[in-house]
Amino acid sequence: MRYFPVFLDLQGRDVLVVGGGAVALRKAETLRSAGARVTVIGESIHDELRARAARGEIALVERCFAASDVAAPWLIVAATNSRDVNAEVARAAQAARIPCNVVDDRELSSCIMPAIIDRSPVQIAVSTGGTSPVLARLIRERLEALLDESLGPLARFADRWRATARQVLANVTARRQYFSWLLTGPAASAIRARRGADADRLATRELARRRRLADRDAALAEGSPAAGHVSLVGAGPGDPGLLTLKGLRALQEADVVIHDRLASPDVLELARRDAERIDAGKRPGAGATQSGINALLVEHARRGRRVVRLKGGDPFIFGRGGEEIDALRAAGISFDVIPGITAAVAAGAYAAIPLTDRRHAQAVRLITGNDAAVLDAFDFSDVAAGRETLAVYMGVAQLPALRERLLRAGAPPALHVAIVENSSRANQRVVATTVDDLAAAAAAHRVSSPAVTLVGSVTASATATSVESAPKPIVLNA
């Protein structure tokens, strides 16, 4: 490790920036945001630096650098366009044993300016040791996406409870467990949702419960773990890039992931490595029952675990999420719901089918098609008249019945249909056909679940939209 990472407290302390151009301006702004008293020395001064000096935000000295300038600063930044001047600044800083960063010159620098993720009071610095500032920036951008703006409020929330927790819980281990719960459980979810009063109420209740247990040994003896929490997370259609950031965070905090068969292996790989994974997929004539899944959620939550119920698509679109939250409410288990991209939306997007193109459809309807009797309950006249797009989930086995119902409702035999199999995944296929040829095309191409059938004029535009980092989906014209 060539560089030792450290955070400097520059509040009210002098920092010197040598150089008067745009780079010096950027460095001065960053240092000011850390509370430093910034002095800029340079011969050719950027207009914005002059403006900041006029407002009293920085001190400005218009002349060339002199070795005597390094007497007072805690940190020096050399940001001129002359390597000779930068080298002179670096030598003077080294002689005075003051850390010096020379912009874009690792050999002259005694310290490196990292890429910064600011979630104050949480700060994350990324450095490549000066080898690739662009790579540091790319890493920062990825971390920025993962660490939402709630991280700062969450840190301040935990800080507010430190003194109280220390008074109530004398045992260090008990306090550590309490703060682990505080930062990952329902109180943290309340902070992210900007419900500070709810978070304080939850924190107070949990602290009182732990006080009654007295310490970790009493907690183990009583066998009363912290109240758990369940997150119903929409896994999306399969492409892990379509998982929401909230869904990703829940997966990485989960103790146990209870998933259905439509949650793709790529999405499951994003879960915490040591999380228990339970396959609760339903299959025709086999697999878990809904009552069994409900019982699993309650059981693991009552054991104090953070549970993710990972469901393909969206939990509330044909996902029985409503039944699961009813069971959780009845058991007094806290929960939250993180939506996901439902299969029809992904199928349309990845096959370049605009589901509500105003030239062809004024509405889109989502229905289940896994039973002929269920299909009989729907009126398909708006689809037949070209006023809406129909998206049929779980209907592969009933495509002959769907064809019959559509024709009976007056749909033109040549009305366009697209069957999108494995939407958004590397093995996505799109079978482009018509209402009249629907069942025959599906049989000829051996379409299998999961697949969404899209009916309506909008499907005439079905194309082989590329899937990022995956082969092009195959479009089959039946």
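The values are calculated or read from the model by the stated rules, or taken from the named source; none is laboratory data. Keep in mind that this is a model prediction, so the values were computed, not measured. So basically every Cβ, Gly included, is an ideal-geometry build from the backbone, and we count neighbours across all protein chains shown.
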*asked:* Quick check on S423: is it modelled with pLDDT under 95, buried (at least 24 other Cβ atoms within 10 Å of the Cβ) and part of a loop (DSSP other than H, G, I, E, B)?
replied: yes
Taking the stretch 8-51 and keeping only residues that are surrounded by 20 or more Cβ atoms within 10 Å (Cβ to Cβ) and part of a helix (DSSP H, G or I), one is left with A24, L25, K27, A28, L31, L49
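Conditions tested, residue by residue: (1) in a helix (DSSP H, G or I); (2) in the same structural domain as G19 (by TED's automatic domain parsing); (3) basic (K, R); (4) modelled with pLDDT of 85 or more.
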{"position": "A90", "(1), (2), (3), (4)": "yes, yes, no, yes"}
{"position": "I98", "(1), (2), (3), (4)": "no, yes, no, yes"}
{"position": "L108", "(1), (2), (3), (4)": "no, yes, no, yes"}
{"position": "T128", "(1), (2), (3), (4)": "no, no, no, yes"}
{"position": "L135", "(1), (2), (3), (4)": "yes, no, no, yes"}
{"position": "A174", "(1), (2), (3), (4)": "yes, no, no, no"}
{"position": "Y178", "(1), (2), (3), (4)": "yes, no, no, yes"}
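Looking at this structure, is I116 in a strand (DSSP E or B) and closer than 26 Å to A254 by Cβ? First the steps, then the outcome.
Values: in a strand (DSSP E or B): yes; closer than 26 Å to A254 by Cβ: no.
Against the criterion (in a strand (DSSP E or B) and closer than 26 Å to A254 by Cβ), I116 does not qualify.
Looking only at the stretch 311-318, decide whether some residue is touching a His at 6+ places or on another chain (Cβ under 9 Å), charged (D, E, K, R) and part of a strand (DSSP E or B).
Taking every residue of the stretch 311-318 in turn, at least one turns out to be touching a His at 6+ places or on another chain (Cβ under 9 Å), charged (D, E, K, R) and part of a strand (DSSP E or B).
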(Q) Looking at the stretch 306-319, can you tell me whether even one residue there is surrounded by fewer than 22 Cβ atoms within 10 Å (Cβ to Cβ), under 30 Å from A462 (Cβ atoms) and basic (K, R)? (A) no
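Being among the basic types (K, R) and surrounded by fewer than 14 Cβ atoms within 10 Å (Cβ to Cβ) is the filter here; which residues of the stretch 116-155 pass it? Let's see the steps before the verdict.
As a first pass, look at the stretch 116-155 and keep what is among the basic types (K, R): 119, 137, 140, 142.
Residues satisfying the conditions are R137, R142.
Examine the stretch 340-349 for a residue that is closer than 30 Å to R303 by Cβ, part of a helix (DSSP H, G or I) and touching a residue at least 40 places away in the same chain (Cβ under 8 Å), and state whether such a residue exists.
If we filter the stretch 340-349 for residues that are closer than 30 Å to R303 by Cβ, which is where we start, we get 340.
Now drop any that are not part of a helix (DSSP H, G or I), which leaves none.
No: the stretch 340-349 contains no residue that is closer than 30 Å to R303 by Cβ, part of a helix (DSSP H, G or I) and touching a residue at least 40 places away in the same chain (Cβ under 8 Å).
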When (1) of a type outside the set (K, R); (2) at pLDDT below 80; (3) in the same structural domain as A327 (by TED's automatic domain parsing) are applied to V233, the one that fails is (2)
Matching residues in the stretch 350-363 (among the hydrophobic types (A, V, I, L, M, F, W, C) and crowded, with 18+ Cβ neighbours inside 10 Å) number 4
Residue hits (the stretch 260-294; surrounded by 14 or more Cβ atoms within 10 Å (Cβ to Cβ), in contact (Cβ under 8 Å) with a residue 24 or more places away in the chain and not in a loop (DSSP other than H, G, I, E, B)) are D266, V267, L268, G287, I293, N294
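Would you confirm whether or not the stretch 399-411 contains a residue that is under 30 Å from the mean Cα position of the chain (by Cα), touching a residue at least 12 places away in the same chain (Cβ under 8 Å) and either within 14 Å of D436 (Cα to Cα) or assigned to a strand (DSSP E or B) (or both)? Can you show your working first?
Here is the first cut: in the stretch 399-411, the ones under 30 Å from the mean Cα position of the chain (by Cα) are none.
Taking every residue of the stretch 399-411 in turn, none turns out to be under 30 Å from the mean Cα position of the chain (by Cα), touching a residue at least 12 places away in the same chain (Cβ under 8 Å) and either within 14 Å of D436 (Cα to Cα) or assigned to a strand (DSSP E or B) (or both).
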